[in-house]
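In what follows, a single structure is set out as structure tokens and then discussed.
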Amino acid sequence: MAKPLVSIKHLQINKTNTSMFAVVVVCSIITVFSLMASRALIQQRTYQNRVVAKKKAALNQLKANNSAATALVSSYTAFVKTPENVIGGSISGSGDRDGDNAQIVLDALPSKYDFPALASSLEKILSGGNYKVNSITGTDDELNQQSTTGPPQPVEMPFELNVTGNYPSVQDLVGILERSIRPFSISKLDFKGTDNQLITSINAKTYYQPSLNLDIKKELVP
């Protein structure tokens, strides 16, 4: 039996259908690619907007910090350059009440625990009295003390002081500590001996205030 002949028109229709299918496939691929590319571009734009916003916020903070630093430098200079310090001494002298205001503040409330410096300071304060300093004991705990990034708070430094002197000099001992620019808080006093050889033991504490660190952080923008 002879095969039926395919008409030219039928062949053209088949060819046209094939071409249209190919065009539809290509258009679909292009459409999907365009949608994915558009989505990626939108996400990238959104991310870049977040980055720009964070950079603007950081820049504004830096400008504010710079203005505050300039004002702080001006205030500090005026504070330390006064002819007379806050306790009535000369800023250029070498006496007990002399020194600029910044050094006086550091002497009154140091930024480190530093127990050896405290012992030396107590010996200097008591050096003019009519008594003998037998011992100054405490804990050198500087390694365990940390600086802070929050508002710094005073930290206690307990110590024990043992001196020997006559009765009038021991009477003045508490007054000497009270007149010091460094704050002292006495919790216990013990006396033994005679009026001429009176041994006094004092349990007390002073303070230091940790320095504030400038913690510059890097922030990851999600």
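Which three extents, in whole angstrom, do the alpha-carbon atoms of the stretch 11-79 cover along their principal axes, largest first?
Principal extents (Cα only, largest first): 100, 10, 7 Å.
Taking the dipole about the Cα centre of the chain, with the C-beta of Lys and Arg at +1 and of Asp and Glu at -1, give me whichever of LEU212, ILE125, ASN101 is farthest to the positive side.
Going by the Cα projections, it comes out as LEU212.
Calculate the radius of gyration of the Cα atoms of the chain to one decimal place, then report Dmax, the largest Cα-Cα distance, as a whole number, both in Å.
Both quantities, over Cα of the chain: 40.2, 148 Å.
Mind putting a number on the dipole of the chain about its Cα centre? Charges go on the C-beta only, +1 for Lys and Arg and -1 for Asp and Glu, and I need it in Debye to the nearest 20.
Values: 22 positive and 18 negative charges, 588 e Å.
It comes to approximately 2820 debye.
Among the listed pairs LYS124/LYS205; LYS56/LYS218; LYS112/LYS132; LYS112/LYS188, which are separated by more than 20 Å between their Cα atoms? Write down the numbers at each step before the final one.
Working: LYS124/LYS205 17 Å; LYS56/LYS218 15 Å; LYS112/LYS132 28 Å; LYS112/LYS188 25 Å.
Over 20 Å Cα-Cα: LYS112/LYS132; LYS112/LYS188.
Could you work out the pair-distance distribution P(r) of the stretch 77-194 from its alpha-carbon pairs, with 5 angstrom bin width and percents rounded to whole numbers?
2, 9, 17, 19, 17, 15, 12, 5, 2, 1, 0
Going by C-beta contacts inside 10 Å, put ILE216, ILE136 in order with the fewest on the left.
Working: ILE216 5, ILE136 20.
If I rank by nearby Cβ atoms, fewest first, I get ILE216, ILE136.
Going by the alpha-carbon gyration tensor, a ≥ b ≥ c the square roots of its eigenvalues, is the stretch 176-222 rounded (a/c under 1.5) or, if a/c is not under 1.5, prolate (a/b greater than b/c) versus oblate? All intermediate terms of the calculation are to be shown ahead of the outcome.
Values: a/c = 7.33, a/b = 4.21, b/c = 1.74.
Prolate, because a/c is 1.5 or more and a/b exceeds b/c.
Relative to the longest principal Cα axis of the chain, at what angle does helix 8-80 sit, 0 to 90 degrees, rounded to 10?
Its long axis makes an angle of about 20 degrees.
Test of the criteria: in the stretch 165-215, which trypsin sites (Lys or Arg not before Pro) are in a DSSP loop and have at most 14 other Cβ atoms within 10 angstrom of their Cβ?
Details: sites: ARG179, LYS188, LYS192, LYS205; in loops: none.
Passing sites in the stretch 165-215 do not exist.
Just to be sure I understand: with springs between alpha-carbon atoms less than 10 Å apart, which residue in TYR47, TYR113, TYR167 has the highest mean-square fluctuation in the Gaussian network model of the chain?
Comparing TYR47, TYR113, TYR167 in the GNM, the peak value goes to TYR47.
Looking at GLN171, VAL73, PHE191, which one has the Cα that reaches farthest to the positive end of the dipole of the chain (charges on Cβ: Lys, Arg +1; Asp, Glu -1)?
Of the listed residues, the answer is VAL73.
Between GLN197 and ALA57, 0.36 nm times their residue separation minus their Cα-Cα distance comes to what?
Values: separation 140, 0.36 × 140 = 50.40 nm, distance 6.87 nm.
Separation in residues times 0.36 nm, less the Cα-Cα distance, equals 43.5 nm.
Read the figures in this text as sums done on the coordinates, not as results from a lab. Fair warning: this is a prediction, and the values are worked out from it, not measured in the lab. All Cβ positions, glycine included, derive from the backbone under ideal geometry; neighbour counts span all protein chains shown.
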